Amino acid sequence: MVNNDIMIKKVLIANRGEIAVRIIRACREMGIETVAVYSQADAEALHTQLADEAICIGPAAASESYLKMDAIISATIVSGADAIHPGFGFLAENSKFASLCEQCRITFIGPPASVMAAMGNKTQARKTMAAAGIPVIPGSDDAVFDVSQGQEIAAGIGYPVIIKAALGGGGKGMRVAVTAAEFASAFLTAQKEAQQAFGDNAMYIEHFIEHPRHIEFQILADQEGQVIHLGERDCSVQRNHQKLLEESPSPALSDELRRQMGEAAIQAARAAGYVNAGTIEYLLEPGGRFYFMEMNTRIQVEHPVTEWITGIDLIKEQIRIASGGRLQLTQDQVTFQGHAIECRINAEDPEHRFLPSCGLIQDLYLPGGKGVRVDTAVYSGYVIPPYYDSMIAKLIVHAENRDEAIAKMRAALGEIIIGGIVTNVDYQYDILSHPDYRSGEYDIGFIDKLSAAK
Ligand code: MV4
């Protein structure tokens with residue numbers, strides 16, 4: 001489909017920071033007009049300045065601006081935009097918001113609201129995947145609401161178990177019980193947290209997988225039911241459920257395992273009735289068994305890693321799909337080239353419990369050269385507000401193989417200057433210098449191991 005066939009003429013970006021800028025750039029290249037929304041704290045933000053139009057939607061607090069559905073819908077109608085791109089975070093996985101867009105005849109650049117709701121309920125998602133023959137972690141078939149019911153199920157599964165919130169994801173409302181003696185208190189703590197965070201006390205229980213890797217597959221699905229996968233990302237380097245570094249291909253997958261996991265990801269997307277860009281998250285056991293964990297129904301922070309090894313612009317694909325366009329490639333036509341790594345650059349202090357840092361960026365030098373990409377919305381003289389996420393830039397590198405990508409990343413990290421605030425740049429350098437990272441032999445426990453060594 002060529003660009004002038006695209007039905008979307010004007011996109012409102014319901015987000016801020018580097019992802020808002022990333023979306024504005026894709027729209028501009030496609031000849032699509034852009035509308036930024038911004039909070040009172042973001043009048044000087046890059047996304048506000050870069051879009052064709054910008055509308056202030058409220059005070060600094062996200063709950064008063066970037067999360068305000070009625071303000072964003074109003075801004076869309078007033079500006080005459082025909083679509084909303086939600087980016088990630090904020091309203092990106094809020095099925096009420098997607099549903100509101102549908103009711104207002106605004107194209108939501110993402111999956112249908114019903115599919116988002118179905119995948120947002122992790123118990124239901126698990127059930128859908130198990131029925132479709134996708135391997136799921138042994139666990140409860142339905143939601144669990146009380147301790148005694150949970151204890152019975154946990155005994156059947158076998159300890160250690162993990163108790164998770166049905167509406168959770170990202171680690172909230174999650175507890176491990178190593179033995180039956182620990183179950184009751186772990187369950188009640190997790191449930192209380194779930195009630196507070198999601199207003200829902202439905203829980204589910206799984207066998208606890210030890211020393212897994214977090215491997216996720218990028219998928220694309222069009223409105224005609226064509227589904228392809230764009231390979232995996234290894235996101236095992238995390239701290240407190242925040243990813244720090246992602247890479248593709250994963251050093252842990254053989255070609256055969258990649259084929260199996262990719263095929264299962266396509267099956268999973270089909271079973272969900274998925275449309276647009278999505279991600280199938282797996283846990284991979286040390287022995288090579290893999291299990292469906294959850295589906296993410298949004299574009300993800302780490303999408304550039306996949307863009308670089310496949311040559312596909314994922315934001316443009318999202319817009320084409322939302323506009324009714326067919327996928328341009330069949331699975332056979334998807335090729336993978338070289339190795340990509342992303343480091344998330346956060347305004348936080350690794351020396352002081354990763355406390356967020358904010359304020360004026362007094363001095364800024366960003367690296368470049370062959371195989372180096374920086375996605376950011378900061379500039380020299382910009383003041384980082386204290387209200388939002390601490391991620392201020394993504395540094396992505398691409399090279400022929402993993403060793404060369406690591407060397408390039410280390411060189412690029414060494415060049416960065418971000419003066420006036422504290423960042424995790426040196427911490428990222430330490431990750432890339434660790435023997436377990438360099439050998440590729442790391443799992444989700446890597447950061448704990450790195451911290452213990454310090
Ligand atoms: C697990 C697990 C072990 N076994 N489930 C963490 C966030 C949420 N998405 C699911 N999580 C986990 N689920 C079973 N059955 C370990 C984790 C987990 C984790 C997963 C991926 C990346 C980092 C992690 C850190 C701690 C725990």
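The values are calculated or read from the model by the stated rules, or taken from the named source; none is laboratory data. In this text the structure is predicted, and so the values were computed from the model without any measurement. All Cβ positions, glycine included, derive from the backbone under ideal geometry; neighbour counts span all protein chains shown. Heavy atoms of the whole protein, side chains included, go into the accessibility calculation; ligands, DNA and RNA do not. Shrake-Rupley method; radii C 1.70, N 1.55, O 1.52, S 1.80 Å.
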Item to complete: Grab the other residues whose beta carbon is less than 12 angstrom from that of V237, score K and R as +1, D and E as -1, and report the net.
Response: -3
Discussion item. Under the rule a/c < 1.5 gives rounded, and otherwise a/b versus b/c splits prolate from oblate, where does the chain land using the Cα gyration tensor?
Written reply: rounded
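Place the peptides 48-61, 20-33 in order of packing, highest mean first, counting for every residue the other Cβ atoms within 10 Å and averaging per peptide.
Top to bottom by mean Cβ count within 10 Å: 20-33, 48-61.
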Discussion item. Along the charge dipole of region 323-454, pointing to its positive end and built from +1/-1 on Cβ of Lys, Arg, Asp and Glu, which listed residue (Q331, A399, L432) has its Cα farthest out?
Written reply: Q331
Worksheet, complete the sentence: For A411 and A43, extending 7 Å from Cα along the Cα-Cβ vector and measuring point to point gives, in nm, a value of 4.4 nm
Worksheet, complete the sentence: Of the accessible area of the chain, computed with a 1.4 Å probe and all protein chains kept, carbon and sulfur make up a percent value of 50 percent
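Check each of the trypsin sites (Lys or Arg not before Pro) in region 333-440 and keep only those in coil by DSSP with at most 12 other C-beta atoms within 10 angstrom; list them in order.
Here the sparse-neighbourhood loop sites are R353, K370.
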Worksheet, complete the sentence: One would report the Cα pair-distance distribution of region 10-109, bin width 10 Å, in %, as 18, 57, 25, 1
Worksheet item: Amide H neighbours of A60 under 5 Å, counting only residues 5+ apart in sequence or on other chains, H built in-plane at 1.01 Å?
Response: Q40, A41
Discussion item. Using amide H atoms built in the peptide plane, which far-off residues or other-chain residues are under 5 Å from Y387 H to H?
Written reply: none
Practice prompt. Mind checking the per residue accessible area of the chain for me, 1.4 Å probe, whole number of Å²?
Written response: 41 Å²
Practice prompt. Take the eigenvalues of the Cα gyration tensor for region 213-453, scale each by 5, and report the square roots as semi-axes in whole Å, largest first.
Written response: 30, 21, 17
Worksheet item: Given a Förster distance of 51 angstrom, what is the FRET efficiency for R326 paired with A60, based on the Cβ-Cβ distance and rounded to 0.05?
Response: 0.75
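Expected output is a single nm value to one decimal: the length gained when fully extending between E400 and E29, i.e. 0.36 nm times separation in residues minus the C-alpha distance. What is it?
That pair, E400 and E29, stretches by 130.8 nm at full extension.
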Item to complete: With a/c under 1.5 counting as rounded, go ahead and sort region 138-207 into rounded, prolate or oblate using the C-alpha gyration tensor (a ≥ b ≥ c being the square roots of the eigenvalues; past the cut-off, prolate if a/b is larger than b/c, else oblate).
Response: prolate
Worksheet item: Given a cut-off of under 8 Å on Cα pairs at least six residues apart, what relative contact order in percent is computed for region 1-127?
Response: 23 percent
Discussion item. Quick check: residue separation of D70 and E285 times 0.36 nm, minus the Cα distance between them. What number comes out in nm?
Written reply: 73.0 nm
Discussion item. Run the simple label-point estimate for A155 and D142 please: 7 Å along Cα→C-beta, distance reported in nm.
Written reply: 2.0 nm
Worksheet entry | Local electrostatic count, V178, Cβ distance below 15 Å [Lys/Arg +1, Asp/Glu -1] | -2
Worksheet item: Going through region 263-355, which GluC sites (Glu not before Pro) have at most 12 other Cβ atoms within 10 Å and a DSSP loop state?
Response: E351
Fill in: Inter-label distance for E224 and L355, nm, one decimal - labels placed 7 Å from Cα along Cα-to-Cβ
5.7 nm
Worksheet item: Along the positive direction of the dipole of region 199-283 (beta-carbon charges: Lys, Arg +1; Asp, Glu -1; about the Cα centre), which of G278, F217, P251 reaches farthest?
Response: P251
Worksheet entry | Gain on full stretching of the segment that runs from A452 to H207 - 0.36 nm per residue minus C-alpha separation | 85.5 nm
Practice prompt. Sequence neighbours fewer than 8 away in the same chain don't count; with that in mind, list the lysines whose C-alpha is under 17 Å from K394.
Written response: K243, K370, K408
Worksheet item: Net charge near P367, counting Lys/Arg +1 and Asp/Glu -1 over other residues with Cβ under 12 Å of its Cβ?
Response: +3
Worksheet, complete the sentence: With +1 on the Cβ of every Lys and Arg and -1 on the Cβ of every Asp and Glu, the dipole magnitude of the chain about its Cα centre, in debye rounded to the nearest 20, is 420 debye
Worksheet item: If you take every DSSP beta bridge whose two residues both sit in the chain, what share of them, in percent to the nearest 5, is antiparallel?
Response: 80 percent
Worksheet, complete the sentence: Mean projected area (nm²) from the convex hull of Cα positions in region 202-259 is 6.6 nm²
Response to the item:
Largest-first ranking of Y291, Y387 by accessible area, probe 1.4 Å, whole protein assembly kept, is Y387, Y291
